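Undergrad: Sending over a structure as C-alpha cells; questions will come in a sec.
The values are calculated or read from the model by the stated rules, or taken from the named source; none is laboratory data. Values in this document were obtained by computation on a predicted structure and should not be read as measured data. Quick reminder, even Gly has a Cβ in these numbers, built from the backbone with ideal geometry, and neighbours come from all protein chains shown. With ligands, DNA and RNA removed, areas are computed over all heavy atoms of the protein, side chains included. Shrake-Rupley method; radii C 1.70, N 1.55, O 1.52, S 1.80 Å.
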Amino acid sequence: MGGTGSPGRVDGRAARATRTRAAIVEAHLALIAEGDLRPTGDRIAERAGVSPRTLWTNFKDMETLFEASGEELLRRQDAAWRPISPALPLAKRVEAYCRQRARLLHLIAPSARAAQLREPLSPQLHRNRRKHIDRVRDEVEQLFAAELDRAGPGREQLVHALVAASMWSTWSMLRDGLGLGVGPARAVMARTVAALLADPEGQSLFRLVTDR
C-alpha cells in the first residue's frame, strides 16, 4: 500500500518543486534580460506563473534567489565555454581567449548590470562575483601557464592584471563607458592581454618606473 510517504509520491513532489524553482529562476533572469534590472518578487512570481506565496516558499528571500540565479548563469556559461589548448602559439591563445571572454561577458551582461545595482547591499551577489573571478583566474593560470612561469616574483601581479582585464568591470567600461562595439572592445582586451603576456616579468614597466 502506498501512503503519503511513498517513493512515487515523494519523487513527484520533488520533481514539481524542482520545476517550480527553475521557472522562478528563469523568470528572474528573463525580466533582467528585458531591462527590468530590479524586478520585484511580485513581478517575478507573475512571470513564472506562480503566486508570491509559492515564490517565497521556494526562496526564503532575494538572497537565496540571487544564489540560484547565479548558479544558473554559471551553468549557461559552462554550456557556452569551449576549451582552448595551452599548446597553441601565444597569439592564437590570446585571440581565442579574448573572443571567448567577449562572448561569455555578452551572455551575462544584463545580470552583471543588475548585480552592480544591488551588490553593495547583497553578500550573495558579492559571492556570485567571486565565483566568476575564481573561474577566470583558473582559466588564466592554465591557459597562460608558460608565460606565468617566466614572470618570476611578479607572477601574482601578472595574474591579477590578466584577470582584471578579463572581467565584467573592464568590459563594461569598454562597452558602456567608452561606447565601443563588441569587435573594438574585444580588440582592446586582446591588446591588453597580449601586452601583459609579451613582457611577463614586467621589465618594461620596471625600467619606466626606475628611470623616473
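Each row is one residue, and each column tells you yes or no for (1) open to solvent by 80 Å² or more (accessible area, probe 1.4 Å); (2) in a helix (DSSP H, G or I); (3) on the phi > 0 side of the Ramachandran plot.
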position	(1), (2), (3)
VAL94	no, yes, no
LEU104	no, yes, no
PRO110	no, yes, no
GLN116	yes, yes, no
PRO120	yes, yes, no
LEU180	no, no, no
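Undergrad: Can you name every residue in region 24-78 that is in contact (Cβ under 8 Å) with a residue 24 or more places away in the chain, surrounded by 15 or more Cβ atoms within 10 Å (Cβ to Cβ), over 18 Å from the mean Cα position of the chain (by Cα) and not in a helix (DSSP H, G or I)?
TA: VAL50, PHE59
Undergrad: Taking PRO184 as the residue in question, decide whether it is assigned to a helix (DSSP H, G or I) and surrounded by fewer than 16 Cβ atoms within 10 Å (Cβ to Cβ).
TA: The answer is yes for PRO184.
Undergrad: Residue check: is ARG82 assigned to a helix (DSSP H, G or I) and modelled with pLDDT of 95 or more?
TA: Here the answer is no, as ARG82 does not meet what is asked.
Undergrad: Under 7 Å between Cβ atoms, at least 6 apart or on separate chains: pull out the pairs that start in region 137-162 with a residue that is farther than 23 Å from GLN100 by Cα and open to solvent by 40 Å² or more (accessible area, probe 1.4 Å) and end on any residue that is assigned to a helix (DSSP H, G or I) and of a type outside the set (Gly, Ala, Ser).
TA: From residues that are farther than 23 Å from GLN100 by Cα and open to solvent by 40 Å² or more (accessible area, probe 1.4 Å), the pairs are ARG155/LEU148.
Undergrad: Run ALA87 past the list (1) buried (at least 18 other Cβ atoms within 10 Å of the Cβ); (2) of a type outside the set (Phe, Trp, Tyr); (3) under 29 Å from THR192 (Cβ atoms); (4) without any contact (Cβ under 8 Å) to a residue 40 or more places away in the chain and report the number of the one that doesn't hold.
TA: Looking at each condition in turn, ALA87 falls short on (1).
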